[in-house]
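Right, one structure below, let's go through it.
The values are calculated or read from the model by the stated rules, or taken from the named source; none is laboratory data. Model, not experiment: these values are computed from the prediction. Here the Cβ positions follow ideal geometry from the backbone for every residue, glycine too, while neighbour counts run over all protein chains shown. When the accessible area is computed, the model is the full protein with side chains, heavy atoms only, and any ligands, DNA or RNA have been set aside. Shrake-Rupley method; radii C 1.70, N 1.55, O 1.52, S 1.80 Å.
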Amino acid sequence: MTYEGVLTKMQTEFGNPIQYYLVFENSFLNVNQLLDKNIEINFVGYQCLNCGKKKKIFRQGFCYDCFYSSAAVGDWIMKPELSTAHLGIADRDLVYEEKVQLQPHIVYLALSSEVKVGVTRKTQMPTRWIDQGANEAISIVEVPNRYLAGITEVALKNHYADKTNWRKMLINSVEHVDLIAERLKLENLIPTEVQKYFYSQKNDLYEMHYPVLEYPKKVSSLSLDKTPQFEGKLKGIKGQYLIFEDGTVFNVRSSEGYIVNIKV
């Protein structure tokens, strides 16, 4: 069968194992069903996820113009501490920013390689952890806006990584850490104005089980710009990556806005 459309990040369903779906305009594909089968991926072109024009993708599925104009990719997305909607101050579009920033956010610890700290909207649990390939994750605080989550993350960056080592994550080289015990060490490390939101006793440890038949010993990343046609046997799915038998890994999320033809 052949599927064609614009790539967006795989949709997921929390379960054991996690279920993954590639969703196109007129069809969808349960990627788990492709394990141990050959897949051919062909690059067709680009389509900006914001304006819909057939323009080269710059970052995060957006063309250059949209990346520097759309409220959906303001600096506060990657740096929550820069959020200003709680002050009534716009970055690019206050209405949009109030909608996204002024809602409950979680600061968490996750194990995808070593322990890392991160921020997500409460509505994105556990999707955010699945997307980054975390084996385990636990909440630290739930706060009412993105700014408070951001300053908490900044304080904890002095003690934990804030990025996933994607190579270690994909070969399943993950530290063994008791996240519940780790959380108990944090109360005095977070900002004073956030301490009242601290989770000390909540039992909310998540464990993620990924559909991986075999982890590679080494990985090499597939870029559709450099390799517009690729064929390989699918051996696993973790985070937003497809893992192939020869160690090639394809990051679906980093290829958002690319039009592809997939033959299975």
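Picking from residues in the range 175-199 that are closer than 27 Å to I237 by Cα and in contact (Cβ under 8 Å) with a residue 60 or more places away in the chain, the one that is most open to solvent (accessible area, probe 1.4 Å) is E175. Among the residues in the range 110-117, are any out of contact with any Asp or Glu (no Cβ under 7 Å at 6 or more places or on another chain) and surrounded by fewer than 18 Cβ atoms within 10 Å (Cβ to Cβ)? No, the range 110-117 contains no residue that is out of contact with any Asp or Glu (no Cβ under 7 Å at 6 or more places or on another chain) and surrounded by fewer than 18 Cβ atoms within 10 Å (Cβ to Cβ). Quick one: is I138 at pLDDT 95 or above and open to solvent by less than 30 Å² (accessible area, probe 1.4 Å)? Yes; evaluated as a whole, the condition is true for this residue.
Does D225 qualify as being out of contact with any Gly (no Cβ under 8 Å at 6 or more places or on another chain), open to solvent by less than 30 Å² (accessible area, probe 1.4 Å), assigned to a loop (DSSP other than H, G, I, E, B) and in contact (Cβ under 8 Å) with a residue 12 or more places away in the chain? Here the answer is no, as D225 does not meet what is asked. Among the residues making up the range 13-59, a single one is polar (S, T, N, Q), under 21 Å from T227 (Cβ atoms) and crowded, with 17+ Cβ neighbours inside 10 Å: Q47. Taking the range 118-130 as the range and being open to solvent by 50 Å² or more (accessible area, probe 1.4 Å) and more than 14 Å from R146 (Cα to Cα) as the test, only R128 passes. Within the range 200-220, can one find any residue that is of a type outside the set (S, T, N, Q), open to solvent by less than 30 Å² (accessible area, probe 1.4 Å) and modelled with pLDDT under 95? Looking for residues that are of a type outside the set (S, T, N, Q), open to solvent by less than 30 Å² (accessible area, probe 1.4 Å) and modelled with pLDDT under 95, one finds at least one in the range 200-220, hence yes. If the condition is being of a type in the set (D, E, K, R), free of Cβ contacts under 8 Å to residues at least 60 places away in the same chain and either touching a helix residue (DSSP H, G or I) at 6+ places or on another chain (Cβ under 6 Å) or in a strand (DSSP E or B) (or both), then the range 8-61 contributes E13, R59. For the range 62-98, the set of residues classified as assigned to a loop (DSSP other than H, G, I, E, B), open to solvent by less than 80 Å² (accessible area, probe 1.4 Å) and without any contact (Cβ under 8 Å) to a residue 12 or more places away in the chain consists of G88, A90, listed by residue number.
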